[in-house]
Structures are given as C-alpha cells and as structure tokens.
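Take a look at the structure set out below.
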Amino acid sequence: MKAGRTCVLATVSGKEPHCSLMSYATDDDCREIYMATRRDTKKYRNLAANPSVF
C-alpha cells in the first residue's frame with residue numbers, strides 16, 4: 001500500500017458499477033486509507049448513499 005499511490009475505486013448505483021482511478025494516502029500503519037473527491041461526482045453520491053461506508 002505504501003509503494004503505490006493510485007488505485008481503482010469501484011462503487012455501485014443500483015446494479016451499475018462505476019470505477020474511478022484515484023490517488024490515495026495511508027496512515028503510518030496502513031490501517032486507514034484516505035481519498036479526496038468533489039461532492040458533485042458520481043463516486044461521492046454512490047458512497048454517500050451506501051450505509052456500509054463510513
């Protein structure tokens with residue numbers, strides 16, 4: 001996780017998947033992953049609508 005700094009974030013809306021290339025950062029122990037996106041994106045709306053995401 002520390003070697004790479006890009007990933008693919010996959011979300012879903014209904015039955016349709018949505019994949020986004022993302023940059024990320026981790027904490028020192030690689031226990032938390034941080035990504036940033038604007039609120040007007042499909043990935044943000046998909047994540048916000050999913051009760052399993054916190």
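Every listed requirement among (1) outside any helix (DSSP H, G or I); (2) surrounded by 11 or more Cβ atoms within 10 Å (Cβ to Cβ); (3) not hydroxyl-bearing (Ser, Thr, Tyr) is met by Val53 save one, (2).
Candidates in segment 32-42 are the residues that are within 10 Å of the chain's Cα centre (by Cα) and part of a loop (DSSP other than H, G, I, E, B); of these, the one that is surrounded by the fewest Cβ atoms within 10 Å (Cβ to Cβ) is Ala36.
A quick yes/no check of all residues on (1) surrounded by fewer than 10 Cβ atoms within 10 Å (Cβ to Cβ); (2) modelled with pLDDT of 95 or more; (3) assigned to a strand (DSSP E or B):
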{"site": "Met1", "(1), (2), (3)": "no, no, no"}
{"site": "Gly4", "(1), (2), (3)": "yes, no, no"}
{"site": "Cys19", "(1), (2), (3)": "no, yes, yes"}
{"site": "Met22", "(1), (2), (3)": "no, yes, yes"}
{"site": "Cys30", "(1), (2), (3)": "yes, no, no"}
{"site": "Tyr44", "(1), (2), (3)": "no, yes, no"}
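Quick one: would you say Leu9 is in a helix (DSSP H, G or I), surrounded by 10 or more Cβ atoms within 10 Å (Cβ to Cβ) and of a type outside the set (Gly, Ala, Ser)? Considered against the rule, which asks whether it is in a helix (DSSP H, G or I), surrounded by 10 or more Cβ atoms within 10 Å (Cβ to Cβ) and of a type outside the set (Gly, Ala, Ser), Leu9 comes out as no. Taken over segment 1-31, residues that are among the aliphatic types (A, V, I, L, M) and over 11 Å from the mean Cα position of the chain (by Cα) amount to 4. Of all the criteria given as (1) touching a residue at least 24 places away in the same chain (Cβ under 8 Å); (2) among the basic types (Lys, Arg); (3) touching a strand residue (DSSP E or B) at 6+ places or on another chain (Cβ under 7 Å), the one not satisfied by Arg45 is (3). Residues in segment 6-29 that are under 13 Å from Thr41 (Cα atoms) and among the hydroxyl-bearing types (Ser, Thr, Tyr): Thr11, Ser13, Ser20.
The values are calculated or read from the model by the stated rules, or taken from the named source; none is laboratory data. Treat the numbers as computed from the prediction; the structure is a model and nothing was measured. Every residue, glycine among them, receives a Cβ derived from its backbone with ideal geometry; neighbour counts consider all protein chains shown.
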